Amino acid sequence: MSAFLDKMRRRGGRYLGVRPAPVRTQRGVFSLSFDDIPVTAWTEAGPILEEHGVTATYYVAGGLSGGQNLGLPQFTTDHLQGLFGAGHEVGCHTFGHTSALAVSPEAYAADLDRNAAWVAERLAGHVMTTFAWPYGDVSVGAKAVVADRFALARGVRDGVNAGSADRANLQAIGLESRRLPGYDLEALMTATAARKGWLIAYGHDVMDGPTPYGCTPDDLDRVIRSAKAAGLEILPVGEAWRKMAA
Ligand SMILES: [Zn+2]
């Protein structure tokens, strides 16, 4: 597929099939999420989250279990059960870490079914209610499939969700070493509080010397402190959504 066509399809996924939803929070909400689940997203990040008394959302692709991704070991079933047991949310990230631009909506749906079954088998029947798009790739056809199955889906486009948001492609900032230097975190947190909005962050590995898609333990600690300093409530993605809908 040409780069041009991919670009057009991405744009279609962003602007078409929008599922508008109001975002109104009492004092602003911050949600942390981790995609793919490299081992350190649990072994390094878990203790930091616990120390701060907060819980996060882990977006799991069953097909990555026990394997390597970007040269890093990925979670095992033990890790997944450990983080779920500690009160973190487990959400869906497809089974095969599949790009919505690479397969038909029908194949995408089958991949979601496979992940749902894989997770339910390992987490006592757990039903995932939120979704994160692998690579941030969204297609109009897949969007209809995802919007039917999940309360919401998170993308990777920068920004604070406030006023009206697309619940099938919520915005998020990257806790990524390649992107973090470009953010004014304090200003983002303050803006989220002022607009009574919802700031979602996503990351991958958490370690000293992270990949371009990961951050250091210090980065994670700083982000949580910054959210707290701005007076934001810190909730997993699904819980934040349910609270808003209530
Ligand atoms: Zn991913």
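The values are calculated or read from the model by the stated rules, or taken from the named source; none is laboratory data. Note that this is a predicted model, so its numbers are computed, not measured. A quick note on method: Cβ atoms are made from the backbone with ideal geometry, for glycine too, and the neighbour counts reach across all protein chains shown. In case anyone asks, the SASA skips ligands and DNA or RNA and just uses the protein heavy atoms, side chains included. Shrake-Rupley method; radii C 1.70, N 1.55, O 1.52, S 1.80 Å.
Some observations on this one:
- Within the range 41-54, the only residue that satisfies the criterion of being open to solvent by 40 Å² or more (accessible area, probe 1.4 Å) and among the β-branched types (Val, Ile, Thr) is 43.
- Inclusion of residue 173 among residues that are touching a helix residue (DSSP H, G or I) at 6+ places or on another chain (Cβ under 8 Å), of a type outside the set (Lys, Arg) and under 24 Å from residue 84 (Cβ atoms) is not warranted.
- Of everything in the range 90-106 that is closer than 22 Å to residue 207 by Cβ and buried (at least 22 other Cβ atoms within 10 Å of the Cβ), the residue that is nearest to the ligand (Cβ to nearest atom) is 93.
- Subset tally (residues that are within 14 Å of the ligand (Cβ to nearest atom), charged (D, E, K, R) and in a loop (DSSP other than H, G, I, E, B)) for the range 125-182: 2
- Residues of the range 200-209 satisfying the condition of being open to solvent by 40 Å² or more (accessible area, probe 1.4 Å) and out of contact with any Asp or Glu (no Cβ under 6 Å at 6 or more places or on another chain): 208, 209
- The range 109-124 residues that are within 19 Å of residue 147 (Cα to Cα) and open to solvent by 40 Å² or more (accessible area, probe 1.4 Å), paired with ones that are part of a helix (DSSP H, G or I) and small (Gly, Ala, Ser) (beta carbon under 9 Å, 6 or more apart): 114/62; 114/63; 117/62
- Unique residue being within 16 Å of the chain's Cα centre (by Cα) and of a type outside the set (Phe, Trp, Tyr) when the list is 160, 145: 160
- Residue match in the range 59-78 (condition: open to solvent by less than 40 Å² (accessible area, probe 1.4 Å), without any contact (Cβ under 8 Å) to a residue 12 or more places away in the chain and in a loop (DSSP other than H, G, I, E, B)): yes
- Boolean, residue 151 is of a type in the set (Gly, Ala, Ser), open to solvent by 20 Å² or more (accessible area, probe 1.4 Å) and under 16 Å from residue 27 (Cβ atoms): no
- The listed residue being touching a Gly at 6+ places or on another chain (Cβ under 9 Å) and either outside any strand (DSSP E or B) or on the phi > 0 side of the Ramachandran plot (or both), out of 41, 102: 41
Per-residue answers, yes or no, for (1) within 16 Å of the ligand (Cβ to nearest atom); (2) more than 22 Å from residue 219 (Cα to Cα); (3) not aromatic (Phe, Trp, Tyr):
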| position | (1), (2), (3) |
| --- | --- |
| 30 | no, no, no |
| 40 | yes, no, yes |
| 55 | no, no, yes |
| 70 | yes, no, yes |
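- Looking across 116, 120, 153, one residue alone is of a type in the set (Gly, Ala, Ser), within 14 Å of the chain's Cα centre (by Cα) and within 25 Å of residue 65 (Cα to Cα). It is 153.
- Checked against (1) within 15 Å of the ligand (Cβ to nearest atom); (2) within 18 Å of residue 64 (Cβ to Cβ); (3) touching a Ser or Thr at 6+ places or on another chain (Cβ under 8 Å), residue 201 passes all but a single condition, namely (2).
- Qualifying residue in the range 210-229 (condition: among the aliphatic types (A, V, I, L, M), farther than 28 Å from residue 71 by Cα, over 15 Å from the mean Cα position of the chain (by Cα) and open to solvent by 50 Å² or more (accessible area, probe 1.4 Å)): yes
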